[in-house]
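The values are calculated or read from the model by the stated rules, or taken from the named source; none is laboratory data. If you're wondering where the values come from, they're calculated on a predicted model, not measured in any experiment. Cβ: placed from backbone, ideal geometry, glycine included. Neighbour counts: every protein chain shown.
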Amino acid sequence: MAAAAAAASLMTGRHYASTAAAGAGAATSQQQQQQQQWPSVAGAQESEGTPSSDPSLPLSASQQQQQQQQQQQSRRPPLGFVAGGHDVASFTPDRIRNFSIIAHVDHGKSTIADRLMEMTGALGARTTHNAQYLDKLQVERERGITVKAQTVSLVYEHKGLPYLLNLIDTPGHVDFSYEVSRSLAACQGALLVVDAGQGIQAQTVANFFLAFEQGMDLIPVVNKIDLPAADPRGCAEQMATAFDLDPGGVLFTSAKTGQGMEEVLPAVIERIRAPGGDPSAPLRMLLFDAFHDEYRGVVMLVEVVDGRVEVGMRVAMASTGTAYEVQEVGLQAPERHPTGRLHTGQVGYLLCGIKDLKAARVGDTLYASPPARLPGFRPAKAMVFAGLFPLGGDGQEFESLATAMDKLLLNDASVVVKRENSEALGPGFRCGFLGMLHMEIFTQRLQQEYGASVVTTTPMVPYVLEMPDGSSRTLESASEYPVDTRVARILEPTVTATIICPDGCVGRLMELCAGRRGEQLEHSSLGGGRSMLRYRLPLAELAGDFYSLVKSRSQGYASFDYEEGPYRPADLVRLDILAHGKPVDALARMVARDDAPHIGRALLVKMKDLLDRQQFEVVLQAAANGKIIARETLKALRKNVTAKCYGGDVTRKRKLLDRQKEGKRRMKRLGSIDVPQELFPELMKTR
Ligand SMILES: Nc1nc2c(ncn2[C@@H]2O[C@H](COP(=O)(O)OP(=O)(O)OP(=O)(O)O)[C@@H](O)[C@H]2O)c(=O)[nH]1
């Protein structure tokens, strides 16, 4: 722990102050010199900016704020230096490690990241909340899952030498493996974490292969060894067998209690190779992530592959050739910490005052003079399409949705977007997502982070239509399926799904897959009471409640992952919902021919349920390829919401009417009928 105690924070002065004291014994003379210089920086600022005042008088709020700001500035190391007194230039590639943490969902990546930050002083005595620091997005905190990869730089002293460690926390869910592969491109190694109570899960296998394909150095970690049900040795053996790793090299940790955590960073330094790259070569940087800052424009996260970047330099994007002046550059530690420059092998942020959100393309190369382009990322392939429309139909709401989308797209480059016009919902966007969860998260982030109100239409997978003349085209929206023209064949995307579960659940999960048009490929035993099932399933069947059914049929013990499979012929029809005899384009969907009658009926019943506030009679019908297969009539109904308030209690009456008005504002006009916003997610779940 001596090394950990001597480790220094990069950023927060409070932490710097405490770690500097703790590490004073180990500090080098350069460090001490640097530490001594900082108070004089503060002193200079005080003498210039602060009017002298009587120290015995209480400070006003603005004076307190000013004092706090000055204290913060005074604790900050000068530009080019990081706390601990290290010049950023002293971190030559051999003293840098860029690593990631990969694991199945919930196996403890973010908690390990938090613990490492705490150990190196990057978090210090943080008390504000218990959620993981790197899970910054509201949606991440609410759902307790990581959606975006995050980056943080740590300084850690090992065998008397300071190292700059760049840690990238990654998401675990299958829908976000695109984020994982992007983060891995900026790393040379990873901690492969497994929960000691659960062992290897489907996403552990998928992430292992992602890292393995990129030739990364892997450190196996068995986490949560404090759990009563933990089987650390068994898990280590599983990892050694499944991934052909040395069982002696497995680390055992509890990120919760801190047990074994002191071995992690020394292992990172000793077992993960330093970044390659040539410090004397012309500058080349890989842009591996970006996000929008309201005041500073586009913030780019980069790995300096060769050379060095400095404030004032001009850098150009390889894809467009557009050049920008570097305004600020620094490390994420975990907040932005300007250093004035970044050297070969370092991972940090870059501000160039870019306002055009489309100018920074993740995966692009940035250079100072044209060198060879770095390999980018494989383009993300959209597997689920859905329409996104503003809740209100006016042009202003559309514009604000468009702006919100641009900002979010910068931070989530995996979404494919094009403009769409719906007869029922007006102007909006057709978006392609990596999966269902990805779609949900994207819309939730639009609402939470950018205040956009959106209506999402029923998601659809991309079908291929083969026409009798031999031509073919991709269908991304069911309303575009030609019911009047003969289609020779419809091909649908499939996936190869892997389910790992306790032996006792196999029967129930097989039944679930068979009911979803699944074809069994493999059923094998993994030993220790666990089985592996592999199925070919139509991707469309994974929409809706599939994940939750896998979980409920295995009491939460099964894990599920999939990879893309081939396209297969399918017998499908276009299912339309008609209001007053007119198809509502936003509600069209493709379904298996045999399922059309019961899905059509279920949709009408659900709509009738949700639409009971209409003020005139509405005829609802379902049609399969243009042929009516079900019908429901919604009687005109005017609820007198104030009926209960006889006796003339005006305030109560007004409250009720206000609530009714509020309800109306959340309505969306679909052709001639008003529907509540909840209609769309409810219909999505119906099958
Ligand atoms: N008992 C115990 N619980 C732990 C340990 N590490 C993490 N946890 C808990 O496990 C849960 C999941 O931890 P996270 O760190 O969010 O897991 P994650 O892998 O980052 O999850 P995703 O980001 O969603 O993939 C949380 O409730 C943690 O408090 C540990 O060592 N012991």
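How many residues are more than 6 Å from the ligand (Cβ to nearest atom) and within 13 Å of residue 196 (Cα to Cα) when one looks only at segment 103-122?
Qualifying residue count, segment 103-122: 1.
Residue by residue through segment 578-594, note down the ones that are under 34 Å from the mean Cα position of the chain (by Cα) and not basic (Lys, Arg).
Across segment 578-594, the qualifying residues are 584, 585, 586, 587, 588, 590, 591, 592.
If you check 485, 496, which single one turns out to be touching an Asp or Glu at 6+ places or on another chain (Cβ under 6 Å), over 25 Å from residue 680 (Cβ atoms) and surrounded by fewer than 20 Cβ atoms within 10 Å (Cβ to Cβ)?
Residue meeting the stated conditions: 496.
Please state which one of 205, 250, 304, 221 is closer than 26 Å to residue 155 by Cα, within 25 Å of the chain's Cα centre (by Cα) and within 16 Å of the ligand (Cβ to nearest atom).
Selected residue: 221, the only one of 205, 250, 304, 221 that is closer than 26 Å to residue 155 by Cα, within 25 Å of the chain's Cα centre (by Cα) and within 16 Å of the ligand (Cβ to nearest atom).
Which condition breaks for residue 260 when tested against (1) away from the ligand (no atom under 16 Å from the Cβ); (2) surrounded by 16 or more Cβ atoms within 10 Å (Cβ to Cβ)?
For residue 260, the failing item is (1).
Quick one: which residue in 508, 430 is basic (Lys, Arg), outside any helix (DSSP H, G or I) and either surrounded by fewer than 18 Cβ atoms within 10 Å (Cβ to Cβ) or outside the structural domain of residue 549 (by the TED database) (or both)?
Only one candidate passes the filter, namely 430.
Return the pairs, sorted by first residue and then second, in which the second residue is within 16 Å of the ligand (Cβ to nearest atom) and aromatic (Phe, Trp, Tyr), the first residue lies in segment 232-256 and is in contact (Cβ under 8 Å) with a residue 24 or more places away in the chain, the beta carbons are less than 6 Å apart, and the residues are 6+ apart or on different chains.
Partner pairs satisfying both residue conditions: 232/252; 243/208.
For segment 535-556, give me the residue count where each residue is at pLDDT 90 or above and not aromatic (Phe, Trp, Tyr).
Total meeting the criteria: 3.
Take the residues in segment 123-146 that are of a type in the set (A, V, I, L, M) and at pLDDT 50 or above; name whichever of them is nearest to the ligand (Cβ to nearest atom).
The residue in question is 134.
Answer with yes or no whether residue 330 is farther than 18 Å from residue 361 by Cα, surrounded by 20 or more Cβ atoms within 10 Å (Cβ to Cβ) and touching a strand residue (DSSP E or B) at 6+ places or on another chain (Cβ under 9 Å).
Taking the combined requirement at face value, the residue satisfies it.
What number goes with the only condition from (1) within 16 Å of the ligand (Cβ to nearest atom); (2) crowded, with 17+ Cβ neighbours inside 10 Å; (3) farther than 30 Å from residue 336 by Cα that residue 229 does not pass?
It is condition (2) that residue 229 fails.
Go through (1) modelled with pLDDT of 80 or more; (2) assigned to a helix (DSSP H, G or I); (3) within 11 Å of the ligand (Cβ to nearest atom) and name the single condition residue 179 misses.
Answer for residue 179: the failing condition is (1).
The rows are residues; the columns are (1) at pLDDT 60 or above; (2) surrounded by 12 or more Cβ atoms within 10 Å (Cβ to Cβ).
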site	(1), (2)
595	yes, yes
601	yes, yes
606	yes, yes
611	yes, yes
615	yes, no
618	yes, yes
628	yes, yes
645	no, yes
648	no, no
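Report, by residue number, each residue of segment 278-309 that is crowded, with 17+ Cβ neighbours inside 10 Å and of a type in the set (Asp, Glu).
289, 303, 306
Looking at the structure I just gave you, is residue 473 in contact with a strand residue (DSSP E or B) (Cβ under 7 Å, 6 or more places away or on another chain), outside the structural domain of residue 398 (by the TED database), in a strand (DSSP E or B) and surrounded by fewer than 19 Cβ atoms within 10 Å (Cβ to Cβ)?
It is true that residue 473 is in contact with a strand residue (DSSP E or B) (Cβ under 7 Å, 6 or more places away or on another chain), outside the structural domain of residue 398 (by the TED database), in a strand (DSSP E or B) and surrounded by fewer than 19 Cβ atoms within 10 Å (Cβ to Cβ).
Determine whether residue 522 is charged (D, E, K, R), over 30 Å from the mean Cα position of the chain (by Cα), in a helix (DSSP H, G or I) and not assigned by the TED database to the domain that holds residue 623.
no
Looking at the structure I just gave you, is residue 608 among the basic types (Lys, Arg) and touching a residue at least 60 places away in the same chain (Cβ under 8 Å)?
It is false that residue 608 is among the basic types (Lys, Arg) and touching a residue at least 60 places away in the same chain (Cβ under 8 Å).
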